[in-house]
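J.: Below: one structure in structure tokens.
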Amino acid sequence: MLAQQLANGVMLGSTYALVAIGYTLIFGVLRLLHLAHGEVFMVGAFAGLQALLWWQFGPLAALIVGLIASAVIGMLLELVAFRPIRKRGNSHLAPIVSTIGAGLVLQEVMTKTFGAEQTPFPSALSRVIYNLGIISVTGSQIFILSVAIVTMIALHLFVTRTRYGIAMRATSENLQVAAILGINVNTVILVTFGVASALGGIAGVLVGLNFNAISPFMGVEMGIKGMAVMLIGGLGSIYGAMIGGLLLGIVEVMSVAYLVSSLRDAFAFGLMILILILRPRGLFQTGIRTER
Amino acid sequence: MTALLHVDGVSRRFGGYLALNNASCEIGEGDIHALIGPNGAGKTTLFNVVSGLLRPTVGKVSFKGRDYTGLKPDRVLTMGIARNFQQVRLVRGLSVVENVMIGAHARINRGILGNAAEFFGFSIAEKAAREKARAMLDFVGMAGKSDLQPDELTLVDQRRLEIARALTSEPQLLLLDEPAAGMNPTELLELSALIKRIRKQGLTVLLVEHHMRLVMSIADFITVLSAGSIIAAGTPAVIQRDPAVISAYLGARE
Amino acid sequence: MLSSYWDSVAVFLGINILMGVSLYIPMTAGLISLGQGGFMAIGAYVCAILTKSDVPFFLALVAGGCAAGIAGLVAGAPALRIRGIYVMILTLGFGEIVRVFFLNFESTGGASGLGGIRPLTELWQVIVACVIAYLMVWRIRHVRLGRAMVAIHEDDLAAEAMGINLTRTKLLSFSLGAIVAGLAGGFYAHQALFIDANQFDFSRSAITFLYVVLGGVSNPLGAIVGAAIVTLLPEFLRVVQDWRMTVFGTMLVLIAVWRPDGLLRAPSLHKS
């Protein structure tokens, strides 16, 4: 039973982690909150669904379509809702307004296109059930876990081995220094939005596979959870977001299984506040002093 | 001479860097005590420890015989140690006189009733605080500038404002971190007269300053820091002849 | 006489202005909250429960405000050691916890909400509350507490060295804001007549944030302008019917890009 719950927690947590990594990457380079990131995730889920319904390519193709759709929307948001504000000074608050606005637009466009109700997310995989001794998992869950692991390894290689990954880390260390070192900051920021949003899109498809239903408003809750995970892990810390996501997923599943299911979110945010009290800069301190 | 402030074996480490290494000194009551040394010698670190902004890694600080290591900066101020900042820190959005009035915060705790009276404009204390702040501005030579905004002041006046703010908290020990930076000869003379007037009011002054002529002319006692350690201490006449000081500091700089 | 429709719009506008003020007060001290909805919920529920037990409306409002104020102290305590975006997400989490609490608290209706609240809110009361709230915001700048808040906003470490008690000032400003949000909640409950936890969710807090930032953070009157735009614009956008939120969202993006510091500039006396 416990092992089964742990497995479910890891499954849920890995999607939280993917969304939170997106937040933390963007926070790293810009020191800003991106309140439409949940909607980017939601768009990925719907794009993946279209791939499944129309072309019946299977989950892997759905994943790729979701990833690309989210990346495109994410980069578009940087061009429309972040860059113009950055050009006109250094307001920390205006991007929150513009991303709230962009989120509303994305929600309504998706509602108009797909309806406000929950849309079923079919997957043949979820009907296959594997018995692994003490736990049993569906094909979808194995898929989710393998995708999450592969994605995180790929991300690790990206930020440590590739030119843009390294430039991204340099930029999150210090924007001015990065500019002096000849890094094209705007390009790096655009790439960061692309990568962060692609991760969100992957998470969207995975959540669709996991819960077999998606809605245009699914991004709101995921967005809030993603921010909580980012805080738990430490602002700007990729590995903190990974661990924090898993932790939150496990705590939520456990609280549903052993405590009061309807208080799940209270436990989730309680955990966040507790960690903030114990370690004000999150589990993995990055040394970022978040000046306003 | 009774010592007002004791710095006792204070070290402060930042990661792998030892900014202060086992520094000990005493500041005598009523003295003008100067702290000199090359850039990066640890003078500002020592100031931050004394004013409570930094907690020493090792060692303790005591004021009038009472150990106050680890006390929060606002409590340190209430106790009677006030300071200015090398990088001037004024509150934009508050007028000059209001900036000075902030210095009185630590002094007055009016309780709920007092705060309410103040809120509805019945507070005599508020008026008194304003008067006192104006008087302090006069004292530092900024009469008539109370209603300006801080950014409208010259850097020199901004430094004076910080001194006025510190004085408003009625300290016994005033810490001045490079108050002469950017001053022309006339302003230097005014500053040295001001510091002497402050001492005449019964205050003790601890001064960090690069301007040697100013230090030598007003200091009663000098402590020399180099690379985090105290290498010499004595009267200006003694320090000027100290070979260690000359090689570490004077020789290296001039 | 206003028609009852516009009368009700005006009441909600007043409530939203109060919410804007509730966020503006701690913002003066550099504490930005994304959880004002939570304080509003506490005020709404406490006030509604009390009037249902025949407590006079005025007393119930005060009690709701005080309850929210105490919650503000509780929520503010963990915010003392953190800053900036940390505070925003922390308060967001606090707001969510409050929402989940009321969603599960059966004594106040739980998930099915609390109905049968008497229509006690009147426009003049809300106007008086807004005037008092603004007198407070205006006065606060000229007293010790306000100076301390501005100094903390500017640089909290320096403020502490100038003798300002960070703990007290931060908690007080947080709590004052929460009291105003609690009052707004009380008015809201007795205007909407039915409340449930999801009316005070994250989007409520986010919209409160919009009032202040859209209006201009450096000008207290900004909250009025911001609340007016956010409250009234969708009413006028009924023309575009189905695409209301799309047009509204696009306008938010455009305003943020056009005036990143908000529509109103800082009052000329305090220009920086």
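J.: Give the aspartates and glutamates reachable from residue B:64 as a straight Cα distance under 14 Å; neighbours fewer than 8 places away on the same chain don't count.
T.: B:8, B:26, B:29
J.: In the range A:11-217, how does Rg compare with the Kirkwood Rh, expressed as the Rg/Rh ratio over alpha carbon atoms?
T.: On the way: Rg = 17.8 Å, Rh = 17.6 Å.
Computed over Cα atoms, the ratio is 1.01.
J.: Not counting the cut sites, what is the longest span of chain C without trypsin sites (Lys or Arg not before Pro) that DSSP labels loop and that have at most 16 other Cβ atoms within 10 Å?
T.: Details: sites that count: C:265, C:271.
The reported range is C:1-264.
J.: Considering only DSSP beta bridges where both residues belong to chain B, give the percentage that are antiparallel (nearest 5).
T.: 55 percent
J.: Here's another thing I want to ask about it. As a test of the formula, what do you get for the protein assembly as shown when each DSSP H run with n ≥ 4 contributes -39,500 (n - 2.57) and the sum is divided by the residue count, at 222 nm and rounded to the nearest 500 deg cm²/dmol?
T.: Details: 32 runs with 486 residues, N = 818.
Taken over the protein assembly as shown, the calculation gives -19500 deg cm²/dmol.
J.: Under a 10 Å cutoff between Cα atoms, tell me which one of C:180, C:131, C:212 has the largest fluctuation in the Gaussian network model of chain C.
T.: Judging by the Gaussian network model, the answer is C:131.
J.: Right, another one. Rg/Rh for the range C:4-200: what does it come to with C-alpha atoms and Rh from Kirkwood? Don't skip to the answer; put the middle values down first.
T.: Numbers: Rg = 16.8 Å, Rh = 16.8 Å.
Rg divided by Rh gives 1.00.
J.: Right, another one. Is there a simple number for the mean count of other chain Cβ atoms within 10 Å of the Cβ of residues in B:66-77, and what is it? Before the final figure, lay out each step's value.
T.: Working: counts 0, 0, 0, 0, 0, 0, 5, 10, 11, 3, 3, 5.
So the per-residue partner count for this stretch is 3.
J.: Of the listed peptides C:13-24, A:35-46, C:119-130, what is their order by residue-averaged count of other C-beta atoms within 10 Å, with the highest listed first?
T.: Working: C:13-24: 27.8, A:35-46: 30.3, C:119-130: 17.1.
Result, highest mean first: A:35-46, C:13-24, C:119-130.
J.: First check a/c for chain B, with a ≥ b ≥ c the square roots of the eigenvalues of its C-alpha gyration tensor; if it is under 1.5, answer rounded, and if not, answer prolate when a/b is larger than b/c or oblate otherwise.
T.: On the way: a/c = 2.05, a/b = 1.50, b/c = 1.37.
It is prolate, given that a/c is not under 1.5 and a/b is the larger ratio.
J.: Compute the Cα gyration tensor for the range B:123-254, then decide on rounded, prolate or oblate, letting a ≥ b ≥ c be the square roots of its eigenvalues: rounded whenever a/c is under 1.5, prolate when a/b is larger than b/c in the other cases, and oblate in all that remain. Each step should come with its number before you reach the end.
T.: Values: a/c = 2.73, a/b = 2.04, b/c = 1.33.
Verdict is prolate for the range B:123-254.
J.: What net charge is computed for the residues neighbouring residue A:111, neighbours being all others with C-beta under 10 Å from the C-beta of residue A:111, Lys and Arg scored +1, Asp and Glu -1?
T.: Spelling it out: positives minus negatives among the neighbours equals -2.
J.: Continuing with this model, one more query. Which three extents, in whole angstrom, do the alpha-carbon atoms of the protein assembly as shown cover along their principal axes, largest first?
T.: Over the protein assembly as shown, Cα extents along the principal axes are 91, 70, 47 Å.
J.: May I pose another question? Which angle from 0 to 90°, rounded to the nearest 10, does the C-alpha axis of helix A:185-211 make with the longest principal axis of chain A?
T.: 10 degrees
J.: On a 0 to 90 degree scale, rounded to 10, what angle separates helix A:238-258 from the longest Cα axis of chain A?
T.: 30 degrees
J.: Output the relative contact order of the range C:88-182, whole-number percent, from Cα pairs under 8 angstrom with separation of 6+ residues.
T.: Working: 28 pairs, mean separation 12.0, N = 95.
Averaging sequence separation for qualifying contacts and normalising by length gives 13 percent for the range C:88-182.
J.: Please give the residues of the range A:209-234, grouped as numeric ranges, whose backbone N is less than 19 Å from a label point set 7 Å along the Cα-to-Cβ vector of residue A:61.
T.: A:209
J.: For the range C:1-88, just say rounded, prolate or oblate: build the C-alpha gyration tensor, square-root its eigenvalues into a ≥ b ≥ c, call rounded for a/c under 1.5, and beyond that prolate if a/b exceeds b/c, oblate if not. Don't jump to the answer; show the numbers that get you there.
T.: Details: a/c = 3.24, a/b = 1.49, b/c = 2.17.
Cα axes put the range C:1-88 in the oblate bin.
J.: Which order do the peptides A:112-120, B:178-186 come out in when sorted by mean C-beta neighbours inside 10 angstrom, highest first?
T.: Working: A:112-120: 13.1, B:178-186: 14.9.
Packing order, densest peptide first, comes out as B:178-186, A:112-120.
J.: Next question. Which helices, taking whole DSSP H runs in chain C, have alpha carbons extending 27 angstrom or more along the helix axis plus mean Kyte-Doolittle at least -1.0? Please report the intermediate quantities before stating the final value.
T.: On the way: long enough: C:4-28 (36 Å, 1.20); C:57-76 (28 Å, 2.06); C:84-104 (31 Å, 1.58); C:166-192 (38 Å, 0.79).
Passing helices, by number: C:4-28, C:57-76, C:84-104, C:166-192.
J.: Helix A:59-77 versus the longest principal axis of chain A: what is the Cα-based angle in degrees, 0 to 90, to the nearest 10?
T.: Around 30 degrees separate the two axes.
Laboratory data are not the source of any read-out in this text; all were calculated from the coordinates shown. Computed from a predicted model, the values in this text were never measured in an experiment. Note: ideal-geometry Cβ built from the backbone for every residue, glycine included; neighbour counts use all protein chains shown.
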